[in-house]
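No value in this document is a laboratory result; all are computed from the given coordinates. Note that the coordinates shown come from a computational prediction; the quantities given were computed from them, not determined experimentally. Positions of Cβ are generated from backbone atoms using ideal geometry, with glycine treated the same way; all protein chains shown enter the neighbour counts.
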Amino acid sequence: MAAPSSLHDEPDDELVRRAQSGEREAFAEIYHRYHAVVYRFARMMSGSPAIGEDVTQETFTVFLRDLHRYEPKCSRISTYLYGVARNLTRSGLRRNRRFVRLDVIGEREPVANSDPASSFERSEERGQLRRVIADLPSRFREVVILCAIHGLSYADVAAILGTPVGTVRSRLNRGRRIIAKRLREAEGRSDAVPRRAARCVV
Amino acid sequence: MSHEPDALVDEALRALAADDEHVSVSPRVHDAVLREWDQQHGVRKRRRMRHQPSRLVWVVVPAAAALMLAAAGLQRESVRHPMPEAVPRRNAVPIDVPAISSGRGPVLEESSRHAELVSPIAVSTRPPAAVERSFGYVIVPGPLVDPSALHVVRARMSRAALASLGMPIVDPNVDGVVEVEMLVGDDGVAQSIRHATLVGD
C-alpha cells in the first residue's frame, strides 16, 4: 500500500509526530519506509522467511504500542526498529531451538541470465553463503548482516547492539574469517562431487 | 593470512546484499500491522468513551433528587396545611396509567390489597373511597409498611422519571410534567402512586 504522496517527503520525526497524533497514513508511511529492512534483517538472522515475516509484524506492533512514548530525539527510527527486530529474532530463535528448520533460506533463487548453468551455479553459491551466515554465532551474524549486507556504519551498528564501536569492528572481522573458512570447507566438500560433470549430465 | 579470501568474502557478501534487495514482504504483514493500528485506536476511543459518565446520569440523578426534595417539602406542607380537594387544571391531560383494578401480576394484586388496607390519612382531605379506588401502583423495595404510617404526598415529575419508577408510561420520552399523588411512609419511601395527570406548560 502506498501512503499519500504528501507524506513521501516528510522526515521521520514529522511522520512520528503525525502518527502519535493518530494519523494512520503517517504510520503506514513509516511501515512503508522500514518494513523491508526489518524483514531482510530478521529473515537473514533467523534463516527463515516465515520467522522474518513474524518478526516484522511483531516489530511494528511493538513500535505501535510504544509510539506514544517514542522520542525521535533519543534514537532514529531505523535504530529503534533494528533493535526491536534483533531482540524479537533472538527470542524467537531461542523459543524454536528445539525445532528443526525446514524453510531455511538456501533455496535456489531464479536469476535472469542467458546461461542457465551459470545462473544455477550462482544461485547455489548464494544459498551456500546464506547457510553459512545462518550458522554463525549470533553475535557475529548480526554484525555481518548489519555491516556487510545492510551497509550500516560501525557507529550505527554499535548503537543498535549497544556495544562499543571497537567490538563491532572486531566481531565483523571475526565473522568474515569464519565465513571464509566455512566456505572453503564447503567448497572442499563439493569438490568431491564433480559439479561440472553433473552439469554436463543435466 | 592473505587478503584474497577476505576480498572474495566481501564480494560474495556484496552480491548477496544485491540479491537481498529484491526480497519482499507478504502483503499479509502489512494488513496485519494496519489492522493492529485500527484495533488499538478503536480500543482507545472506546476506553475514552467508557470513562466519560453516561449522559443518563445527568438526567436521572437530578430528577431523583428533585423528586425526593419535592416529596419531603410537600409532606411538610401538607402537614401544616391540609391539602384541598384536587381541582383538575384546565390543560391537564390524563396519561396512560393502567387501572389498578386490572390487577397486573402479583405486585399489582399485592398493591391493591395494600391499598384497601390504607386508611384515609390525616394529611389528606380526600374521602377514603377515592383513596381505595385510585392508589395502587406499588414501588415498595421491601416489606410493606404499617398503613397507619403512610402520608399522601403530591409531586410533579417528568414522564421519564415516572417511567424510571416503574410506571408503565406510553411514551416516556415525550416532554411534560406529570402530577402524581404518592403514599409515602414515615421513612420517606414512596409506597404507592395514584392520580397521574399530565400537566401542560
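In this simple spin-label model, placing a label point 7 Å from the Cα along the Cα-to-Cβ direction at both residue B:149 and residue B:26 gives a separation of 7.3 nm. Calculated on C-alpha atoms, the gyration radius of the range A:10-95 divided by its Kirkwood radius gives an Rg/Rh of 0.98. Lys and Arg at +1, Asp and Glu at -1: add these up for the other residues within a Cβ distance under 13 Å of residue A:79 and post the number. Overall, the nearby charge balance is 0. Residues in the range A:64-71 carry Karplus couplings, in order, of 5, 5, 9, 4, 5, 9, 5, 10 Hz; the curve used is 6.51 cos²θ - 1.76 cosθ + 1.60 with θ = phi - 60°, and Gly or Pro positions show x. Restriction of the trypsin sites (Lys or Arg not before Pro) in the range A:126-181 to DSSP coil positions whose beta-carbon has at most 13 other beta-carbons within 10 angstrom yields no sites.
Taking the Cα centre of the range A:10-95 as reference, the dipole from Cβ charges on Lys and Arg (+1) and Asp and Glu (-1) amounts to some 460 debye.
Extending 7 Å from Cα along the Cβ direction at residue A:181 and again at residue A:68 yields two label points whose distance is 5.1 nm. The 3J(HN,Hα) values that the Karplus relation (6.51, -1.76, 1.60; θ = phi - 60°) gives for the range A:160-168 are, in residue order, 5, 8, x, 10, x, 4, x, 5, 4 Hz. Gly and Pro appear as x. Between residue A:125 and residue B:156, the modelled labels are 9.8 nm apart [label points 7 Å from Cα along Cα→Cβ].
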